[in-house]
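Reviewing the structure listed below.
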Amino acid sequence: MTSSELQPRQDGALRLLRDGELALEGRLVDASNTTLRGILSLGGRTARCVYKPVRGERPLWDFPDGTLAGREVAAYLVSRATGWDLVPPTVLRDGPFGPGSCQLWIDEPDDAEPLVGFVPAEAVPPRWFPVAAARDDDGAAYALAHADDPRLARLAVLDAVLNNADRKGGHVLVGPDDRLYGVDHGVCFHVEEKLRTVLWGWAGRQLPPDAVEMLDVLAGRVTGELGEELAAHLTIGEIAELAARIDRLRETGCYPQPPQDWPAMPWPPM
C-alpha cells in the first residue's frame with residue numbers, strides 16, 4: 001500500500017484519536033512510564049489506542065520533565081513527512097488522567113515473523129545481522145540479531161534522524177498488511193547525540209537511494225511546514241539539531257556508526 005493510499009485511513013485514525021471518547025481497558029505493566037490501553041469511539045467507529053499521560057512520565061536526568069508525550073507526537077510528524085509512515089498515527093490530547101500522547105494500537109498477526117531477537121550464536125538465520133553477543137543462564141552462547149530487511153533498514157534511518165535513544169527490539173511491530181511500525185519514541189530529539197538502538201546491522205554502509213531521496217525532501221520540509229508543526233512539541237534548538245542531523249546524513253551518505261563514548265544499545269535490548 002502506497003503513502004497516498006494510506007492517507008485517507010490515517011486521516012480517519014487521526015480524527016478518532018483526537019475526538020473519540022476514550023475508555024481505558026488497562027495498563028501495560030512492562031512500560032517504565034504510565035502506559036494505558038484504551039478504546040476510542042466516534043460516530044460508530046472504534047479503535048484501540050495507547051494513551052501515555054504526561055503526569056505518568058518518569059523524570060529523566062537528560063530530558064526535560066513533561067516533554068515525552070510531545071516527543072511521541074513529533075516522531076509521528078517526522079515519520080509522516082518522510083512518506084514512509086513507520087510510526088502509527090499519534091496525537092496529543094486530553095484523557096482520563098490529563099493531557100498525553102494517544103497512539104493507534106497496532107495488532108500484530110499471530111503468524112507475524114519476528115525481525116529482531118536473541119538466536120543461538122551458531123544458528124543465526126541467513127540474511128540476519130548479529131549485533132551483540134549474549135549468554136543465557138546456563139552459559140549457552142546467543143546473538144542479538146536482526147533481519148536484513150528493507151523495512152528495518154528504513155526504520156534505522158528514521159531512528160538516526162530522530163536521534164532515538166531507545167530503539168529496543170520490542171518496539172518493532174509488524175502489523176496488518178505486513179507493514180512495519182516503530183513505537184515508543186518518548187526519548188528522541190535530544191540536542192546531544194544519543195542514538196541507542198539494536199538496529200546496527202547496516203552501520204557504516206551506504207544509504208540506499210530511497211533513503212537519500214527521502215532525506216533530500218525532508219531537509220526542505222523541516223525548514224517549512226513540518227518545522228512549524230514541530231514547534232508545538234520541541235524547542236528551537238531541538239528542531240535546529242534535527243535539521244543538522246539530516247544534513248549530516250546527506251553529507252556522509254552512510255548509516256551512522258555505533259558511538260564510542262556512550263552506550264550504543266538500550267537496556268534491556270528487547
Quick one: residue 145 ticks every box in (1) part of a strand (DSSP E or B); (2) touching a Ser or Thr at 6+ places or on another chain (Cβ under 6 Å) bar one, so which box is it? (2)
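How many residues, within the stretch 126-155, are open to solvent by 80 Å² or more (accessible area, probe 1.4 Å) and either acidic (Asp, Glu) or farther than 12 Å from residue 116 by Cβ (or both)?
Start the filter on the stretch 126-155 by keeping residues that are open to solvent by 80 Å² or more (accessible area, probe 1.4 Å), which leaves 126-127, 130, 133, 135, 137-138, 150, 154.
After this cut, where a residue has to be either acidic (Asp, Glu) or farther than 12 Å from residue 116 by Cβ (or both) as well, the list is 126-127, 133, 135, 137-138, 150, 154.
Summing the residues that are open to solvent by 80 Å² or more (accessible area, probe 1.4 Å) and either acidic (Asp, Glu) or farther than 12 Å from residue 116 by Cβ (or both) in the stretch 126-155 gives 8.
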Being part of a helix (DSSP H, G or I) and either at pLDDT 95 or above or exposed (fewer than 14 other Cβ atoms within 10 Å of the Cβ) (or both) narrows it down to one residue among 122, 108, 113; which is it? 122
Could you list, in sequence order, all residues of the stretch 247-270 that are open to solvent by 50 Å² or more (accessible area, probe 1.4 Å), closer than 24 Å to residue 214 by Cβ and either assigned to a loop (DSSP other than H, G, I, E, B) or in contact with a Lys or Arg (Cβ under 9 Å, 6 or more places away or on another chain) (or both)? 257
Return yes or no: is residue 83 open to solvent by 70 Å² or more (accessible area, probe 1.4 Å), touching a helix residue (DSSP H, G or I) at 6+ places or on another chain (Cβ under 9 Å) and not polar (S, T, N, Q)? no
Tell me yes or no: at least one residue of the stretch 174-193 is closer than 30 Å to residue 21 by Cβ, charged (D, E, K, R), open to solvent by 30 Å² or more (accessible area, probe 1.4 Å) and more than 12 Å from the chain's Cα centre (by Cα). yes
What are the residues in the stretch 11-26 that are surrounded by fewer than 14 Cβ atoms within 10 Å (Cβ to Cβ) and over 20 Å from the mean Cα position of the chain (by Cα), if any? 19, 21, 23, 25, 26
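Residue 131 - would you say it is part of a loop (DSSP other than H, G, I, E, B) and β-branched (Val, Ile, Thr)? Walk me through how you get there before you give the answer.
Numbers: part of a loop (DSSP other than H, G, I, E, B): no; β-branched (Val, Ile, Thr): yes.
Here the answer is no, as residue 131 does not meet what is asked.
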For the condition in contact (Cβ under 8 Å) with a residue 24 or more places away in the chain, loosely packed, with under 12 Cβ neighbours inside 10 Å and of a type outside the set (D, E, K, R), what is the one hit in 204, 224? 204
Among what's in the stretch 155-210 and is touching a Leu at 6+ places or on another chain (Cβ under 6 Å) and among the aromatic types (Phe, Trp, Tyr), pick the residue that is farthest from residue 258 (Cα to Cα). 181
Of all residues in the stretch 165-195 being outside any helix (DSSP H, G or I) and out of contact with any helix residue (DSSP H, G or I) (no Cβ under 9 Å at 6 or more places or on another chain), which is nearest to residue 152 (Cα to Cα)? 173
Single residue of 67, 46 found to be β-branched (Val, Ile, Thr), within 17 Å of the chain's Cα centre (by Cα) and open to solvent by 30 Å² or more (accessible area, probe 1.4 Å): 67
Among the residues of the stretch 214-237, is any under 16 Å from the mean Cα position of the chain (by Cα), among the hydroxyl-bearing types (Ser, Thr, Tyr) and at pLDDT 95 or above? no
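Out of the stretch 227-246, which residues are touching a residue at least 60 places away in the same chain (Cβ under 8 Å) and surrounded by 12 or more Cβ atoms within 10 Å (Cβ to Cβ)?
So the first thing to find is which residues in the stretch 227-246 are touching a residue at least 60 places away in the same chain (Cβ under 8 Å), and the list is 229-230, 232-234, 241-242, 245-246.
Of everything in the stretch 227-246, those that are touching a residue at least 60 places away in the same chain (Cβ under 8 Å) and surrounded by 12 or more Cβ atoms within 10 Å (Cβ to Cβ) turn out to be 229, 230, 233, 234, 241, 242, 245, 246.
The values are calculated or read from the model by the stated rules, or taken from the named source; none is laboratory data. Source: prediction; values computed, not measured. For neighbour counting, all protein chains shown are included, and Cβ atoms are generated from backbone atoms with ideal geometry for every residue, glycine included. Side chains included, ligands, DNA and RNA excluded: accessible areas come from the protein's heavy atoms. Shrake-Rupley method; radii C 1.70, N 1.55, O 1.52, S 1.80 Å.
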